[in-house]
Structures are given as structure tokens and as C-alpha cells.
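Beneath this line is the structure, given in C-alpha cells, with notes to follow.
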Amino acid sequence: MTLFPEMIENAMGVSITGRAVKAGHITVNAVNIRDYAQNKHNRVDDYPYGGGAGMVMQAEPVYQCYQAIAGHCREKVRVVYLSPKGKVFSQEMAQEFAEEKELIFLCGHYEGIDERVLEEIVTDYVSIGDYVLTGGELPALVIMDAVSRLVPGVLNNAESACTESFSGNLLEYPQYTRPEEWNGKKVPPVLLSGNHRLLAAWYRRQSVIVTAKNRPDLLGKAELSEEEKKLVQDLEREGAWEI
Ligand code: ADE
């Protein structure tokens, strides 16, 4: 539900999500709230009661739009309202949403939407981070992208969803491709060894290092071996983050 359906269609229509739509793994319907305007000027906003800057989206067009969509959905379809006031989006939330057959995203504009319709239809208030955007479309797209890639069939490599960042609360290890030497820098020799045991150990160690360096807040939730805990302590002590 949006005032800018072309924004959603354009972004979802390319790259991996575009391919997923064409293959029928996911379906995207961008519905224009303005089509449910109650007046001949197609206005959907009005001045806020109590005064103040900006305009507020009216309850009735949003409600009519919702009713039209919900008529085609399962009974308990979740309605996600994008707002900086919501719970901060995470990979865990993406996984939870990916289990739903259908989701409705409600994108607000102007200074927000009349609270009464939000109370009536919204099940989840979600923010994508502590900053304010001009509308809910980009946050909705962020969530749709993160959720789509967890839908079976969307990624052709099932493994990449398990080893990537945030699985096990660690960030992903660094990646290299050809050539073997670039700009005087060599690929770490272990990657050329073909020894799977050594490789797995190297990936794991690099994940711990990059997480300790960039997101030490995640380490508390990661399951680290005694050896890995010692590595983190050593890194903290030395402040030596180089590999
Ligand atoms: N709308 C405006 N800013 C937002 C944010 N950070 N997250 C979700 N919705 C928003």
C-alpha cells in the first residue's frame, strides 16, 4: 500500500527479486492508496488536528485500500507499517516474515497516517534504523528484499544463506577471486590449499576477527569456543585487527 507504486515495481522488478518474480517464487502487487481517495481531487492527506507542521494521511483511503487487498488475502494476513517508531528490523525478523504466505506493507508519507486506522489494521510496526526517511517505500523495499531471498528457490545456492553474515551472530569472512595477485596483494595461501578442514578453520577465524573488529556487540550472542574467546581477548588487548 503506497502512494508511489512505480517505486516498488521498479525496484522489485530487477536483479534477484526481478528474477524471482518472473519465476513465480514471489508475487508483488503495489497498490496505490490514491485510487481509494474519497474526493474528486484525489487528495489523501489533510492538516493535523492540534496544528503543527506537515500533513497527515487520512484514515479512510488507507482503510478502503486495505479492505480491497485483504479481500484477496488469507484471514490473518500481517500488516507491516514502516515507521521509525517501530521495532528495528533484523535478520531474525526477516526469517519470521519469510514463513508467511502473504504480507501487506503499509507505506506512509507526509508526517504520518491517522492513528485510528493504524490501530485498526496494523499488526507490526517496523523501523529499518535510527534515522528518518521521507516515506515508507525504501524501508518496505529493504524488508521485501531481505525476506524474498529467504524464500525457497529465490537464491540458487541454498548454502549462501547459511554461511552469510549474521548466521550464528557472526559476520561473513572476506572473499577473493581471480587474479591470485592484484595490486601487489596476494590471496591468502590457505584459500589455494584445497584442504577443506584448514579452509573451514580459516573462514571461522576470519568471521570471529571481522565481528570483533566491526560489531563487537554481536559477539555476546555468538557461540565461541574457549580458543576463540581467547582470540577475541588478544585482539582487544592488542587493538591489532590486521589479519
Ligand atoms: N519511515 C521513515 N523513516 C523510517 C525508518 N527509519 N524506518 C521505517 N520507516 C520509516
query = Do the conditions hold for H41, that is, is it within 16 Å of the ligand (Cβ to nearest atom) and farther than 20 Å from V147 by Cβ?
reply = no
Tabulated pairs, the range 108-125, first in contact (Cβ under 8 Å) with a residue 24 or more places away in the chain and under 18 Å from Q64 (Cβ atoms), second among the acidic types (D, E) and crowded, with 20+ Cβ neighbours inside 10 Å, C-beta under 9 angstrom, 6+ apart or interchain = H109/E137
inquiry  = Taking the criterion of being at pLDDT 95 or above and within 30 Å of P152 (Cα to Cα), would at least one residue in the range 31-54 satisfy it?
reply    = yes
task = List every residue pair whose Cβ atoms lie under 6 Å apart, where the two residues are 6 or more positions apart in sequence or sit on different chains, the first residue falls within the range 3-21 and is touching a residue at least 24 places away in the same chain (Cβ under 8 Å), and the second residue, located anywhere, is assigned to a loop (DSSP other than H, G, I, E, B).
result = L3/H109; P5/A30; I8/A30; M12/V28; A20/I26; A20/V154
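Okay, residues lined up against (1) buried (at least 16 other Cβ atoms within 10 Å of the Cβ); (2) at pLDDT 95 or above:
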| site | (1), (2) |
| --- | --- |
| E115 | no, yes |
| D124 | yes, yes |
| D130 | no, yes |
| V142 | yes, yes |
| G153 | no, yes |
| C162 | no, no |
| L171 | yes, yes |
| K186 | no, yes |
| A201 | no, yes |
remark   = Residues in the range 73-105 that are crowded, with 16+ Cβ neighbours inside 10 Å and either among the small types (G, A, S) or assigned to a loop (DSSP other than H, G, I, E, B) (or both) total 6
query = Can you name the helices (runs of 4 or more DSSP H) wholly within the range 106-219 that have at least 3 residues being under 18 Å from E92 (Cβ atoms) and away from the ligand (no atom under 16 Å from the Cβ)?
reply = 160-163, 216-219
remark   = Note on L192: of the conditions (1) within 18 Å of the chain's Cα centre (by Cα); (2) surrounded by 11 or more Cβ atoms within 10 Å (Cβ to Cβ); (3) farther than 30 Å from E60 by Cβ; (4) not hydroxyl-bearing (S, T, Y), unmet is (1)
ask   = Before we move on, is Y66 touching a strand residue (DSSP E or B) at 6+ places or on another chain (Cβ under 9 Å) and part of a loop (DSSP other than H, G, I, E, B)?
value = no
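The values are calculated or read from the model by the stated rules, or taken from the named source; none is laboratory data. It should be emphasised that the depicted structure is a prediction, and the values quoted were computed from it without experimental measurement. All Cβ positions, glycine included, derive from the backbone under ideal geometry; neighbour counts span all protein chains shown.
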